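Since the structure comes first, as structure tokens, the remarks are kept for the end.
Each reported figure results from applying straightforward, stated rules to the coordinates on display, with no laboratory input. A quick note: this is a predicted structure, and the numbers were derived from the prediction, not measured. Here Cβ is always computed from backbone atoms with ideal geometry, including for glycine, and neighbour counts include all displayed protein chains.
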Amino acid sequence: MKRHLALAIAFVALALPTVAQSRMDLDAFGRIVRVADPQIAPDGRSIVMTVSRANFEDNRYDADLVRVDIGTGKTKTITSGRRGVGQPRWSPSGDRLGFLAQAPGAPGHEPKPQVFILPMDGGDARRVTDAPNGVQHFAWSPDGATIAFATADEAEKRTGIERHNRSFEIGNDDFLIQAAPLPTHIWLVPSDGGAPARRLTSGSWSLPTSFPPGPPASPLSWSPDGKSIAFTRVETPHSGDFDGSRVHLIDVASGAVRALTGRPKFEAHPVFSPDGSRIAFWRPRDGESSNVNEIHLAPVTGGAGASVTSSIDRHMARALWMADGSSLLVGANDGTKVSLWVQPLSGPPRKLALGDVSPSSSFWVDLTVGKDGSVAFVGTTANRPAELYYLSSATATPKRLTDLNAATASLTLGRTEVIEWQSEGFRHNGILTYPPDYQQGRKYPLVLVIHGGPRAESLETFAAQAQLFAARGWVIFQPNYRGSDQLGQAYQHAIVNDAGAGPGRDVMAGVAAVKALGIVDESRIAVTGWSYGGYMTTWLIGNYPEGWRVAMAGAPVTDNLDQYNLGDGNVRRAYAFGGSPWTSADRMKAFMDQSPITYASRIRTPTLIMQNMGDYRVTPTQAFKLYHALKDNGVETKFIGYPLPGHNAADPVHQRDVQRRWMEWVAQHFGGTSSTSSQQ
């Protein structure tokens, strides 16, 4: 009997490395398949979506369009070998599929995204645009004969010695700008490619462009009769002026343009109703940018319109018309999930029963509505990354159609649960992720991963980073705090002119709630985050300097003045403080009082700083300030820079490196074993 027991123990010991390898690690992290932009075919029988996989050898994501049969779930890749594939859009009859892909430009110029049309009965895709600056987005006309697309104007051609003169005038732009921003305008081209594109709009004004992270650029929407296009207009292409966005309509035949509501700002994402009588669009409550986003309706003939989603009291991130035109399908972060509602044009909304699935939402809920009233969306659960889900109607139960991330779902993952706590009149929530081998009665190191935004959230969705860190034997706490966008107007608005102190107290109350569970090794607590998460990390280690073992501040907002003067949002930051810091001594004081750099001399926590050097959203100047403040005060620190554009690494190699350095810095300072007995 003893010999059999010894053999059993030996076999278990041999199996342990296999179990450990089945956890989330950097290799598994890099194998997660990305799914996006589902589009239901007009006949309702299939869905096309974009599927992307990491290509580490060439350091890029390779995307293909994949067609999914709704009845059988069978998939078929319909593009191959193209770069930059995305934005699949069915023709109205379903006989063709338009999409964007990189195409060669003029000699000496980089490839640019262009519109391609793929016949669905066979044959190669045909390129129909030749926009020198590439196509940003496009839309089919209702009869399928024309493609409307958005592209930036070409720069003025300089001749003679002036061809060497690269000077330009700067407006409300970010500090990285190297040339005058160019207006984006609407062009039309026959969908069969039989004639050159013709310009529909022109002028110094522009369509807004996308600066990730954020929702995509406001799309074009054709009227059902094909006579008009609804679009969003800003008066200049300077990013700091994008608050002046207004919905306009253009008569396709004459080119005449008119504003829809006459309001001065904060309108976006117009969508014509199926009968062409109304337009739905985004606008913040009461026209204040810090308020929740609502879906408004206005008659196409013009008028101020009114919100139809105020009773939902959530920060709306999508609105699509249902096929009969009597209601809209809207989506938003909601508690600890992403929810969808059918919102009638009048009357109360009805929340869809989605179970444990949340539609994917990163400032834009990724869903589509079919002509038959069906719904498809990309969604995740706490233990499964993105897959395609389908509802035959808005009252049906979601059905998962794909299994693209089966390998990830089969890993030994950590359990997640919601934790709630009370603080200063608010009921907050957050997400806890436990180590895969968590044992009751043991205490574990705690790692805070604070979300950015701050108008964002941590939800019960698949969190690859939390699983990666939990696999190291750590408990991961992702707190939500006032200013997050999942609990309604009062909660979201409470951060105005209180960017640090109030949210900081919320997070600290959340940490106390986690400690009260009796699972935390209080000698090993890390605070980390990216963007506003980096802001809050720096705020906490400066204002609560005791109790942190280690910190990581990624792309950290440390100086509100730099954000106002140098970032892509620049002067729009004034809305969070009630105005410019340069016009009021009290406001200048508020800017500095709410800047974590003001308290940097108090910091004693070893801190890793990471940032892209081409970050237009949070200027790297702020990371440099933090680095020197820590160094000058004798605090252990390391500053890792990435020679990359944008706010986050977009390529798989640097994404992996960010996670590796983040994790290793915490592990280095935690030291020892992952857990301790609660009896010790």
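Residues of the range 51-70 with an amide N closer than 20 Å to a point placed 7 Å from the Cα of Asp25 along the Cα-to-Cβ direction: 54-57.
Can you tell me the orientation of helix 532-543 relative to the chain, as the angle in degrees between its alpha-carbon axis and the longest Cα principal axis, to the nearest 10? With rounding to tens, the tilt is 40 degrees.
Highest mean first, the peptides 579-586, 190-197, 326-333, 408-415 sorted by other C-beta atoms within 10 Å per residue fall in the order 326-333, 408-415, 190-197, 579-586. When you restrict to C-alpha pairs under 8 Å that are six or more residues apart and normalise by the size of the range 478-599, the relative contact order lands at 22 percent.
Extension gain for the segment Asp251 to Tyr575, taken as residue separation times 0.36 nm less the Cα-Cα distance, is 113.2 nm to one decimal.
Return His451, His493 ranked ascending by Cβ neighbour count within 10 Å, so the fewest neighbours appear first.
Working: His451 23, His493 15.
Going from least to most buried by this count: His493, His451.
In this simple spin-label model, placing a label point 7 Å from the Cα along the Cα-to-Cβ direction at both Ser346 and Ala490 gives a separation of 3.0 nm. Positive end of the dipole of the chain (Cβ unit charges, origin at the Cα centre): among Pro190, Ile476, Thr309, the Cα lying farthest that way belongs to Ile476.
For Cα pairs less than 8 Å apart in space and 6+ apart in sequence, what is the mean separation divided by the residue count of the range 54-159, i.e. the relative contact order in percent? Each step should come with its number before you reach the end.
Values: 185 pairs, mean separation 16.6, N = 106.
Relative CO of the range 54-159 lands at 16 percent.
Ala145 to Arg166: FRET efficiency via 1/(1 + (r/R0)^6), r the Cβ-Cβ distance, R0 45 Å, to the nearest 0.05?
Values: r = 41 Å, r/R0 = 0.92.
Given R0 = 45 Å and the Cβ-Cβ separation, E is 0.60.
Angle of helix 2-21 to the longest C-alpha principal axis of the chain, folded into 0 to 90 degrees and rounded to 10: 40°.
Using a cutoff of 8 angstrom between alpha carbon atoms and counting only pairs six or more residues apart, the relative contact order for the chain works out to 10 percent. Take each peptide in 284-290, 571-577, count the other Cβ atoms within 10 Å of every residue, and average; sorted highest first, the result is 571-577, 284-290. The DSSP beta bridges internal to the chain are antiparallel in roughly 80% of cases.
On full extension, the segment bounded by Arg158 and Leu644 gains 172.0 nm, given 0.36 nm per residue less the C-alpha separation. Applying 1/(1 + (r/R0)^6) with R0 = 51 Å to the Cβ-Cβ distance of Lys265 and Asp356, what FRET efficiency is obtained, to the nearest 0.05? Efficiency, rounded to the nearest 0.05: 0.85.
The spread of Cα positions in the chain, taken along each principal axis and listed from longest to shortest, comes to 83, 71, 57 Å.
What number comes out for the charge environment of Tyr434, summing +1 per Lys or Arg and -1 per Asp or Glu over other residues with Cβ under 13 Å away? Net charge around Tyr434: +3.
Label-to-label distance for Asn55 and Ala406 is 2.5 nm, based on points extended 7 Å past Cα in the beta-carbon direction. Tell me the label-point distance for the pair Arg83, Ser601, using the 7 Å Cα-to-Cβ offset, in nm and rounded to one decimal. Between Arg83 and Ser601, the label points sit 5.1 nm apart. Enumerate by residue number the GluC sites (Glu not before Pro) in the range 98-191 meeting two conditions: DSSP loop (anything except H, G, I, E, B), and at most 12 other Cβ atoms within 10 Å of the site's Cβ. Taking the range 98-191 and a limit of 12 other Cβ atoms within 10 Å, the loop GluC sites (Glu not before Pro) found are Glu154, Glu156, Glu169.
Taken about its Cα centre, the chain carries a charge dipole of roughly 1040 debye when the Cβ of each Lys and Arg holds +1 and the Cβ of each Asp and Glu holds -1. Here the range 203-256 is treated with +1 on each Lys and Arg Cβ and -1 on each Asp and Glu Cβ, and its dipole about the Cα centre works out to around 80 debye.
Can you tell me the length gained on complete extension of the stretch Leu182 to Asp124, counting 0.36 nm per residue apart and subtracting the Cα distance? Write down the numbers at each step before the final one.
On the way: separation 58, 0.36 × 58 = 20.88 nm, distance 3.33 nm.
In short, 17.5 nm is gained.
Placing R0 at 41 angstrom, the Cβ-Cβ distance between Glu546 and Trp582 gives a FRET efficiency of 0.70 after rounding to 0.05. Computed about its Cα centre, the charge dipole of the range 504-578 is approximately 100 debye, with only Lys, Arg, Asp and Glu carrying charge at their Cβ.
Helix 501-515 axis versus longest C-alpha principal axis of the chain: approximately 50°, rounded to the nearest ten.
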